[in-house]
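The values are calculated or read from the model by the stated rules, or taken from the named source; none is laboratory data. Because the structure is a prediction, the values reported are computed rather than measured. A quick note on method: Cβ atoms are made from the backbone with ideal geometry, for glycine too, and the neighbour counts reach across all protein chains shown.
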Amino acid sequence: MLFADRNVDDNLISCNKVILLHGPPGTGKTSLSKALAQKLSIRLQSRFIKGILIEINSHSLFSKWFSESGKLVSKMFSQIRDFVEDQKFLVCILIDEVESLAHAREKCMSGNEPSDSIRVVNALLTELDKIKIHSNVLIFATSNVTGAIDLAFIDRADIKEYIGLPGVQAIYQIYYSCIQELLKAEIIQPKVIIQQCPDLVELESSDIYKNDKKLLKISEASVGLSGRSVRKLPFIAHALFLQTEIATLENYLEALLFAVEYQKTNSKYF
Ligand SMILES: Nc1ncnc2c1ncn2[C@@H]1O[C@H](COP(=O)(O)OP(=O)(O)O)[C@@H](O)[C@H]1O
Ligand SMILES: [Mg+2]
């Protein structure tokens, strides 16, 4: 936006306004894109009267009529341009699971895929090149299978960020937020305080941090699971490994550890 304000020639310094978040499923790529769009619209309040998030449903763009899909993509972008042309709007476009729209063309050509998917990719690339002249637009794309995305699309992404599985600290934070919620709902009773930051817990030798340490151990045991799986475990712990509706934190954490082991054993089969 600064470059556009200062009339930097985009033939000399180019920016496609595309951010690609890629990595394993359930690591928060979609959530992160939406959160970024919201943050931006708040931060840029003085510049834009409104922030708009447009989510593209890639699957709806494939027509049952042969060769029509490319046209559907163009039609959708012309609708988007109606918003973009109003400089008072910040327009964020989310192309979730972009591999279904920007499917690698070389793969289409070698297999039996209809050439319709090639037309879709071509249309998408052309539309991206057209929309980039606007400084009030930002495109977020996410993908679980980076290998399946067309290279020409990847090349257009200015920022390509790998979003990996959460580490111990992040997992601890997720469990912490879940436990706070269960304390609030009085499913875990009585009220107890646990540390939000695991660093302190590790150093402290006294017994008052007994539960915090246990939670840290559980977080270490959960490494390898996605954020989405981790967020589900507090529910599974209650549903499968607790015999009572209400539990003490101590009992609940025991159930949570069982749930982690259950999840890990299960994921071996898939
Ligand atoms: N790092 C994380 N921290 C907190 N929650 C997370 C994290 N990663 C994933 N989640 C949880 O998993 C859910 C699914 O995330 P999502 O954005 O759909 O992942 P993706 O798009 O990468 O498959 C989110 O709603 C969130 O609750
Ligand atoms: Mg997603």
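Annotations for the structure displayed:
- With respect to the conditions (1) away from ligand 1 (no atom under 16 Å from the Cβ); (2) at pLDDT below 95; (3) surrounded by 13 or more Cβ atoms within 10 Å (Cβ to Cβ); (4) among the hydrophobic types (A, V, I, L, M, F, W, C), Ile56 lacks only one, and its number is (1).
- Within segment 242-257, not a single residue is touching a Cys at 6+ places or on another chain (Cβ under 6 Å), closer than 27 Å to Gly164 by Cα and part of a helix (DSSP H, G or I).
- Test for Ser41: is it assigned to a helix (DSSP H, G or I), more than 16 Å from ligand 2 (Cβ to nearest atom) and surrounded by 13 or more Cβ atoms within 10 Å (Cβ to Cβ): yes
- The residues listed here are Ile139, Ile179, Ile118; of these, the one that is surrounded by 14 or more Cβ atoms within 10 Å (Cβ to Cβ) and not assigned by TED's automatic domain parsing to the domain that holds Ile80 is Ile179.
- Here Ile188 fulfils each of the conditions (1) β-branched (Val, Ile, Thr); (2) crowded, with 16+ Cβ neighbours inside 10 Å; (3) assigned by TED's automatic domain parsing to the domain that holds Ser33; (4) away from ligand 1 (no atom under 11 Å from the Cβ) apart from (3).
- Test: residue in segment 16-37 that is among the polar types (S, T, N, Q), over 18 Å from Ala157 (Cβ atoms) and away from ligand 2 (no atom under 16 Å from the Cβ): no
- Of all residues in segment 158-193, those that are in contact with a Phe, Trp or Tyr (Cβ under 9 Å, 6 or more places away or on another chain) and over 18 Å from Leu256 (Cα atoms) total 0.
- Any hit, segment 183-192, residues being of a type in the set (A, V, I, L, M, F, W, C) and either within 16 Å of ligand 2 (Cβ to nearest atom) or at pLDDT below 95 (or both): yes
- Selection from segment 128-148 of residues that are touching a residue at least 60 places away in the same chain (Cβ under 8 Å), touching a strand residue (DSSP E or B) at 6+ places or on another chain (Cβ under 9 Å) and either closer than 16 Å to Ser31 by Cβ or of a type in the set (Val, Ile, Thr) (or both): Ile131, Val137, Ile139, Phe140, Ala141, Thr142, Ser143, Asn144, Thr146
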